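Engineer: Please see the structure below; I have some questions.
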Amino acid sequence: MAEPFHDRTLPADRGERYAVLAQEMASVLVGEPNIVARMATITAMLAASFPHFFWTGFYMVDPERPDSLVIGPYQGTLGCLRIAFGRGVCGTAAMTGRTQIVPDVHAFPGHIACDSRSASEIVVPAFDGSGRLIAVLDVDSTMPAAFDELDGRWLEAILSATFGAGD
Ligand code: SME
């Protein structure tokens, strides 16, 4: 029997780990067009590959209320259900369309604390093949300053390959 996904051996180097994971994601998702299935799979694979990812998940642009993000697939403790564009780290990423790396969430104006144990976070916007914002990916850690530009570049590449490539 194949070893369980979460027990597989991964490179210690973070960049190499992302590279392995990006390839695995591409092969697991091939031929699956459903957006929620893709988001749920990305979330589970990221959370299983980086033990310091305390909360990993998507806030989706709500088609009924396009100024509002609504919770999507996630792994972690109970998350807030809705976040308005412009509010907190997720709302800022959605409004600006730019990745937000926050080394200390307590120093971020308007940060929304869904779980007070989160110390740092990264939020990366996800665009479809036409460049339209569809969601943001939020990853929180209990460690301060857990994320840097390397995480930003890899998560942007993973989201672009998953939602922007028109698979
Ligand atoms: N901290 C986020 C809210 C979402 S949760 O942490 C799951 C923010 O400020 O946007």
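Engineer: Exactly one of these conditions fails for Ala94: (1) in contact with a Pro (Cβ under 9 Å, 6 or more places away or on another chain); (2) open to solvent by 30 Å² or more (accessible area, probe 1.4 Å). Give me its number.
Structural biologist: The number of the failed condition is (2).
Engineer: Looking at (1) under 30 Å from Ala12 (Cα atoms); (2) in contact with a Ser or Thr (Cβ under 7 Å, 6 or more places away or on another chain), find the lone condition where Val89 falls short.
Structural biologist: Unmet for Val89, out of (1) under 30 Å from Ala12 (Cα atoms); (2) in contact with a Ser or Thr (Cβ under 7 Å, 6 or more places away or on another chain): (2).
Engineer: Then there is this: Given the condition under 11 Å from Glu121 (Cα atoms) and within 13 Å of the ligand (Cβ to nearest atom), answer yes or no: does some residue in the range 63-83 qualify?
Structural biologist: Of the residues in the range 63-83, the ones under 11 Å from Glu121 (Cα atoms) are none.
No, the range 63-83 contains no residue that is under 11 Å from Glu121 (Cα atoms) and within 13 Å of the ligand (Cβ to nearest atom).
Engineer: Also: Conditions first: (1) surrounded by 22 or more Cβ atoms within 10 Å (Cβ to Cβ); (2) within 15 Å of the ligand (Cβ to nearest atom); (3) within 14 Å of the chain's Cα centre (by Cα). Leu159 passes all but one, so which condition is the exception?
Structural biologist: (2)
Engineer: Residue under question is Asp138, and the condition is that it be over 14 Å from Val89 (Cα atoms) and either more than 13 Å from the ligand (Cβ to nearest atom) or at pLDDT 95 or above (or both); does it hold?
Structural biologist: no
Engineer: Right, another one. Which one of the conditions (1) over 15 Å from Phe53 (Cα atoms); (2) among the charged types (D, E, K, R); (3) away from the ligand (no atom under 14 Å from the Cβ) does Asp151 fail to meet, given that it meets all the rest?
Structural biologist: So the condition that Asp151 fails would be (1).
Engineer: Could you count how many residues in the range 54-103 are among the aliphatic types (A, V, I, L, M) and free of Cβ contacts under 8 Å to residues at least 12 places away in the same chain?
Structural biologist: First, the residues of the range 54-103 that are among the aliphatic types (A, V, I, L, M): 60-61, 69-71, 78, 81, 83-84, 89, 93-95, 101-102.
Still in the list and also free of Cβ contacts under 8 Å to residues at least 12 places away in the same chain: 81, 95.
Counting residues in the range 54-103 that are among the aliphatic types (A, V, I, L, M) and free of Cβ contacts under 8 Å to residues at least 12 places away in the same chain gives 2.
Engineer: Any chance you could count how many residues in the range 132-156 are part of a loop (DSSP other than H, G, I, E, B) and open to solvent by less than 50 Å² (accessible area, probe 1.4 Å)?
Structural biologist: The first filter runs over the range 132-156 and keeps only residues part of a loop (DSSP other than H, G, I, E, B), leaving 132, 142-148.
With open to solvent by less than 50 Å² (accessible area, probe 1.4 Å) added as a condition, the list becomes 146-147.
Qualifying residue count, the range 132-156: 2.
Engineer: Also: I'd like to know if the range 85-92 contains one or more residues that are over 22 Å from Ala40 (Cβ atoms), touching a strand residue (DSSP E or B) at 6+ places or on another chain (Cβ under 9 Å) and hydroxyl-bearing (Ser, Thr, Tyr).
Structural biologist: Yes: one or more hits.
Engineer: Just need a number here: residues in the range 111-124 that are farther than 11 Å from Val89 by Cα and in contact with a strand residue (DSSP E or B) (Cβ under 6 Å, 6 or more places away or on another chain). Please lay out each step first, then the result.
Structural biologist: From the range 111-124, those farther than 11 Å from Val89 by Cα are 114-119; that's our starting set.
Those still in the list that are in contact with a strand residue (DSSP E or B) (Cβ under 6 Å, 6 or more places away or on another chain) too: 118.
Matching residues across the range 111-124 total 1.
Engineer: Sticking with this one: Can you report the number of residues in the range 122-158 which are free of Cβ contacts under 8 Å to residues at least 40 places away in the same chain and either among the aliphatic types (A, V, I, L, M) or touching a helix residue (DSSP H, G or I) at 6+ places or on another chain (Cβ under 7 Å) (or both)? Break it down into steps so the answer makes sense when it comes.
Structural biologist: Filtering the range 122-158 down to residues free of Cβ contacts under 8 Å to residues at least 40 places away in the same chain leaves 122-125, 127-132, 153.
Add one more test, that the residue is either among the aliphatic types (A, V, I, L, M) or touching a helix residue (DSSP H, G or I) at 6+ places or on another chain (Cβ under 7 Å) (or both), and what stays is 122-125, 127-129.
Adding up the residues that qualify gives 7.
Engineer: Are any residues in the range 106-120 open to solvent by less than 10 Å² (accessible area, probe 1.4 Å) and either near the ligand (Cβ under 6 Å from one of its atoms) or more than 25 Å from Ser49 (Cβ to Cβ) (or both), and if so, which ones? Give the steps one after another, and end with the answer.
Structural biologist: So in the range 106-120, the residues open to solvent by less than 10 Å² (accessible area, probe 1.4 Å) come out as 118, 120.
Listed by number, the list holds a single entry, Ser118.
Engineer: Among the numbered criteria (1) within 16 Å of the ligand (Cβ to nearest atom); (2) in a loop (DSSP other than H, G, I, E, B); (3) surrounded by fewer than 20 Cβ atoms within 10 Å (Cβ to Cβ), which single criterion is violated by Phe53?
Structural biologist: Failing condition for Phe53: (3).
The values are calculated or read from the model by the stated rules, or taken from the named source; none is laboratory data. Keep in mind it's a predicted model, so treat the numbers as computed, not measured. Reconstructed Cβ throughout: ideal geometry from the backbone, glycine too, with neighbour counts over all protein chains shown. Just so you know, the surface numbers come from the protein's heavy atoms only, side chains and all, with ligands and any DNA or RNA stripped out. Shrake-Rupley method; radii C 1.70, N 1.55, O 1.52, S 1.80 Å.
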